[in-house]
Amino acid sequence: MPNLPSIVLPRRFPQRGAPAIRVSSLLIEAAAARGDEVLRKLETSLDGLTQEEAAQRLDKYGPNAVAQERRFSNLHLLGTALINPLVILLLILAVLSFLTDPDIAPGVVMLVMVCLGVVLRFVQESRADAAAAKLKAMISVTATVRRDGRPVEVPLSQLVPGDVVQLAAGDMIPADLRLLTCKDLFIIQASLTGESFPVEKFDAQEKDAGRSPLEFQNTCFLGTSVESGTALGVIVATGLQTYLGSMATAILQRGSETSFDKGIRQFTWLMIQIIMVMVPLVFLINGLAKGDWKDAFFFSMAVAVGLTPEMLPMIVTVCLSKGAIAMSHKKVIIKRLNSIQNLGAMDVLCTDKTGTLTMDHIILERHCDVVLESDDNVLVLAYLNSHFQTGLKNLIDRAILRFTEENGQLVIPQYSKVDEIPFDFSRKIMSVVVKSGGNKPRIICKGAPEEIFKRCTGFELEGQPHPMEPVIIADLREEYDKLSADGFRVLALAYKDLEEKPSYSKDDECDLILKGYVAFLDPPKDTARSAILALQEHGVSVKVLTGDNDLVSRKICREVGIEVDDFLLGSRVEKMSDAELAEAAGRTALFARLSPAHKQRIIKALQAKGHVVGFLGDGINDAPALRAADVGISVDTAVDIAKESADAILLEKSLLVLEEGVLEGRKVFANILKYIRMGASSNFGNMFSVLGASIFLPYLPMLPVQILTNNLLYDFSQVPIPTDNVDPEQIARPRPWSMSQITRFILFIGPCSSIFDYTTFFIMLYVFGCWDPKLAPLFHTGWFVESLLTQTLIIHIIRTYRVPFFQSWASWPLTVTTVIIMLIGSWLPFSPIGPLLHFTPLPLLYWPLVGLTLLGYVLLTQALKTWLFRRHWV
């Protein structure tokens, strides 16, 4: 199937609203009208338009172009990195600091934090965007159009309504058109409908008004292609007015917020709300208690920075980038970084059938006699019929020839061709006449079972002929129906020996002997069953959304291990309300005969029930669903519009590859969640301590520059989090965002650190006599060191559900960084930098006391964490 042309979006493309995916109303009217009426309505003729008329219409209707998503510029990516609530907050605080504080150190520290986060995010996202661009292969195609009464090749973008186009085998349908004449026309519609087999088309008026427009027999749609036959058609709709164009319009609208986006946004605003409550309180308490409103202002600004998880954009981006690199080694290319977490959080995978669960390759599955027992003689007849025909060999003929060639033990008698009676759509039979040695010529007929049955007077079973009596016919039809009900495409084989004569015709297709059947199927992939089982074991339920019929789809589902006790057809989905569909979608594993709009609705219905939904597809008909899903997954062999709509591209169309991506996504999210839990709980606990200390201390609990230095060092200790090891139980199930769990973690674990902050206050005030304002630097230094050591060490408690250092070890970069930051924090009071930060050396007694504080903090936090995990509160 040829790729769609990738044409740049016209300027007139609408950017607002929620356009529907629909077939042009004019095309529906044309289908119900006679061909000559359609030509009159479009003001054209069988000779086509003149060049002048075509130019006028091109100016009126615009180019025959579908949309292509543009790459983001570097300026856009930089703007995205900057326009972040946390970044904006830090920039505001930095500007205020520079304007009001003669000491530039706090402002410089804030700017360093901003630059680290923004630059790293920009670099990683620009790399991901560039890698995605390399996947996009653009092509252009032409169509044969009648202009001024003669055929000419015209670029697809130059076609207009009223153009009369000539179609032949292998051609792509260049726009939505109404057939005027056709002969033996079969169209491959898999890209739009998911049907494995070509669909027969005719030029007669459409009589069934209730039929879906995609099932009209006299219309063809942009994005499909001609399998066999010839036709003449008139273009009714071009560009964005085509069915494909409306689909492209829909998918290029701004997508709905995904699970990951919602989680990051909710967490960001949670922290901003905490800041908005805590900072004014700190400012007022210190201003009222100390009387120095200027110091209180700078201190409250430092508190605001301390509460801000300013490394969140950087940590998230680095985690996602590292995950993207790891996934590329596992044949998964990530186009949009945030899709990695969505992949891990996914608990429902909706997938197309053709090519995903199946091989996307029609094969001869069975060759059997009239009672469905395997029979090589049936295969011999099928081979001779397909081998000797001179017409264009279709998918079925190629499947027969390929199967026979691969079956080396089959003995094919030496036959020569005498004549052939070509296939036509009135009788649905193709016949060849062959001869072997001095034997009589034999006609071999292959075709639709119902047509072959009409021409048979007998059948063969176990080498013996039997008369075709009426009671027997019913039994034979029952056997044939079993194959059809099992999802096979079935053809019947019959033969008859003829008398010698110069030529043969369809009149000789009578008094035949029914030999048996050949049955075809797009079979399931060898890896599909094991991959689906693995996904289910990891908490991902698999649902099949296909445009193919339910018989074929049910058979494939059964073979790959998907339970299909109940299924939904597109006709039922169409009549359901959103609420009814949401209820039905949760318990249904198979949806068949779906349009692209149906797939999109089903995904949104599942999302409405709280599911994180992934969709795997590669056809044009899959594009809206790919865009609607939390994570859209396609393959590098997909049509361009599907790849444009996807968030991730599989380099191998296998669910086993996808399973690896799911697990990698969960690892990434586990590490992001570690940072969020560590940073938020620790910052919240420290600022809770600041609030209390501000009430009873005669001086500031810590100087602004010390708070900023503490925060910066702690942030550096968390930079290697993306490299951290992840315990198996952390990726065993989907990991969606849960703000209630994060909030509970902050509220329980945060105050834990405050307990030991207050014990440190007690030690500094009553053991070392720091009530005296002259000893304020000693108090500041003591709390700075204890705060930094406890914050940094707690990383190893929070990063695992297990007992740290015994049952679970952090990655070596995280371990090394933790040790280095703790050593730096202990060295600073004695270093040359200490006086610049207003530190003073600590007495010897301080160190065993802070050691006991660390031990108590670790034990209490580990016990509380274990209790929370066991109650499934976090």
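Among (1) open to solvent by less than 40 Å² (accessible area, probe 1.4 Å); (2) within 22 Å of GLY245 (Cα to Cα); (3) modelled with pLDDT under 80, where does VAL160 come up short? Result: VAL160 fails condition (3) only. I'd like the full set of residues that are of a type outside the set (A, V, I, L, M) and surrounded by 22 or more Cβ atoms within 10 Å (Cβ to Cβ), limited to the stretch 426-448. If the condition is that a residue be of a type outside the set (A, V, I, L, M) and surrounded by 22 or more Cβ atoms within 10 Å (Cβ to Cβ), then SER431, CYS445, LYS446 are the ones that fit. Report, by residue number, each residue of the stretch 494-519 that is surrounded by 13 or more Cβ atoms within 10 Å (Cβ to Cβ), within 21 Å of GLY438 (Cβ to Cβ) and among the acidic types (Asp, Glu). Once the filter is applied, which keeps residues that are surrounded by 13 or more Cβ atoms within 10 Å (Cβ to Cβ), within 21 Å of GLY438 (Cβ to Cβ) and among the acidic types (Asp, Glu), the stretch 494-519 yields only ASP508. Please work out if GLY463 is of a type in the set (Gly, Ala, Ser) and touching a helix residue (DSSP H, G or I) at 6+ places or on another chain (Cβ under 9 Å). The answer is yes for GLY463. When restricted to residues that are open to solvent by less than 60 Å² (accessible area, probe 1.4 Å) and not hydrophobic (A, V, I, L, M, F, W, C), the stretch 531-545 contains 4. Restricting attention to the stretch 733-745, does a residue exist that is open to solvent by less than 10 Å² (accessible area, probe 1.4 Å) and farther than 23 Å from CYS770 by Cβ? Scanning the stretch 733-745 turns up at least one residue that is open to solvent by less than 10 Å² (accessible area, probe 1.4 Å) and farther than 23 Å from CYS770 by Cβ. Within the stretch 364-390, the set of residues being open to solvent by 40 Å² or more (accessible area, probe 1.4 Å) and not in a helix (DSSP H, G or I) comprises GLU365, ARG366, VAL371, GLU373, SER374, THR390. Where in the stretch 550-622 are there helices (runs of 4 or more DSSP H), lying wholly inside it, with at least 3 residues that are among the charged types (D, E, K, R) and open to solvent by 10 Å² or more (accessible area, probe 1.4 Å)? Once the helices (runs of 4 or more DSSP H) in the stretch 550-622 are filtered for at least 3 residues that are among the charged types (D, E, K, R) and open to solvent by 10 Å² or more (accessible area, probe 1.4 Å), what remains is 550-560, 570-575, 578-587.
The single condition among (1) among the charged types (D, E, K, R); (2) open to solvent by 10 Å² or more (accessible area, probe 1.4 Å); (3) within 22 Å of TRP809 (Cβ to Cβ); (4) at pLDDT 80 or above that LYS674 does not satisfy is (2). Of the residues making up the stretch 322-359, those that are open to solvent by less than 10 Å² (accessible area, probe 1.4 Å) and assigned to a helix (DSSP H, G or I) are GLY323, MET327, SER339, ILE340, GLN341, ASN342, LEU343, GLY344, ALA345.
So, of the residues in the stretch 798-843 that are in a loop (DSSP other than H, G, I, E, B) and among the small types (Gly, Ala, Ser), which turns out to be nearest to LEU860 (Cα to Cα)? Show your work before the answer.
First, pick out the residues of the stretch 798-843 that are in a loop (DSSP other than H, G, I, E, B): 799-803, 805-807, 809-811, 831-833, 838-843.
Then drop every residue that is not among the small types (Gly, Ala, Ser), which leaves 810-811, 831.
Numbers: ALA810: 20, SER811: 24, SER831: 32 Å.
Looking at the filtered set, the residue picked out is ALA810.
Taken over the stretch 677-689, the criterion of being open to solvent by less than 10 Å² (accessible area, probe 1.4 Å) and out of contact with any Gly (no Cβ under 8 Å at 6 or more places or on another chain) is satisfied by MET678, GLY679, SER689.
Inspect all residues belonging to the stretch 520-530 and state whether any of them is open to solvent by 10 Å² or more (accessible area, probe 1.4 Å), more than 15 Å from ASP360 (Cα to Cα) and within 21 Å of the chain's Cα centre (by Cα). Yes, the stretch 520-530 contains a residue that is open to solvent by 10 Å² or more (accessible area, probe 1.4 Å), more than 15 Å from ASP360 (Cα to Cα) and within 21 Å of the chain's Cα centre (by Cα).
One line per residue, one yes/no per condition, for (1) over 21 Å from GLU405 (Cα atoms); (2) at pLDDT 90 or above:
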{"site": "LEU343", "(1), (2)": "yes, no"}
{"site": "VAL348", "(1), (2)": "yes, yes"}
{"site": "THR356", "(1), (2)": "yes, no"}
{"site": "ILE363", "(1), (2)": "no, no"}
{"site": "HIS367", "(1), (2)": "no, yes"}
{"site": "VAL378", "(1), (2)": "no, yes"}
{"site": "LEU381", "(1), (2)": "no, yes"}
{"site": "LEU384", "(1), (2)": "no, yes"}
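Does the stretch 764-771 contain at least one residue that is open to solvent by less than 50 Å² (accessible area, probe 1.4 Å), of a type in the set (Val, Ile, Thr) and either part of a helix (DSSP H, G or I) or more than 20 Å from MET822 (Cβ to Cβ) (or both)? Write out each step before concluding.
Taking the stretch 764-771 and keeping what is open to solvent by less than 50 Å² (accessible area, probe 1.4 Å), we get 764-765, 768-770.
Next, only the ones that are of a type in the set (Val, Ile, Thr) stay: none.
No, because not a single residue in the stretch 764-771 is open to solvent by less than 50 Å² (accessible area, probe 1.4 Å), of a type in the set (Val, Ile, Thr) and either part of a helix (DSSP H, G or I) or more than 20 Å from MET822 (Cβ to Cβ) (or both).
Contact map, the stretch 701-727: first residue under 20 Å from THR781 (Cα atoms), second residue assigned to a loop (DSSP other than H, G, I, E, B), Cβ cut-off under 6 Å, separation 6 or more or different chains; pairs are LEU703/HIS838; ASP715/MET311.
Among what's in the stretch 724-742 and is in a helix (DSSP H, G or I) and modelled with pLDDT under 85, pick the residue that is farthest from GLY323 (Cα to Cα).
Keep residues of the stretch 724-742 that are in a helix (DSSP H, G or I), which gives 728-731, 739-742.
Filter again for modelled with pLDDT under 85, leaving 739-742.
Details: MET739: 23, SER740: 26, GLN741: 24, ILE742: 23 Å.
Among those residues, the one meeting the criterion is SER740.
Of the strands (runs of 3 or more DSSP E) lying entirely inside the stretch 146-244, those carrying at least 1 residues that are among the polar types (S, T, N, Q) and farther than 30 Å from LEU590 by Cα are 164-167, 176-188, 225-237.
Determine whether the stretch 724-733 contains at least one residue that is among the aliphatic types (A, V, I, L, M) and over 30 Å from VAL540 (Cβ atoms). So that I can check it myself, show each step before the final result.
Residues of the stretch 724-733 among the aliphatic types (A, V, I, L, M): 726, 731-732.
Restricting the remaining residues to those that are over 30 Å from VAL540 (Cβ atoms) gives none.
For the stretch 724-733, residues among the aliphatic types (A, V, I, L, M) and over 30 Å from VAL540 (Cβ atoms): absent.
The values are calculated or read from the model by the stated rules, or taken from the named source; none is laboratory data. Keep in mind the model is a prediction, meaning the values are calculated, not measured. With ideal geometry, Cβ positions are generated from the backbone for all residues, glycine too; neighbour counts draw on all protein chains shown. Note: accessible area is taken over every heavy atom of the protein model, side chains too, but ligands, DNA and RNA are not part of it. Shrake-Rupley method; radii C 1.70, N 1.55, O 1.52, S 1.80 Å.
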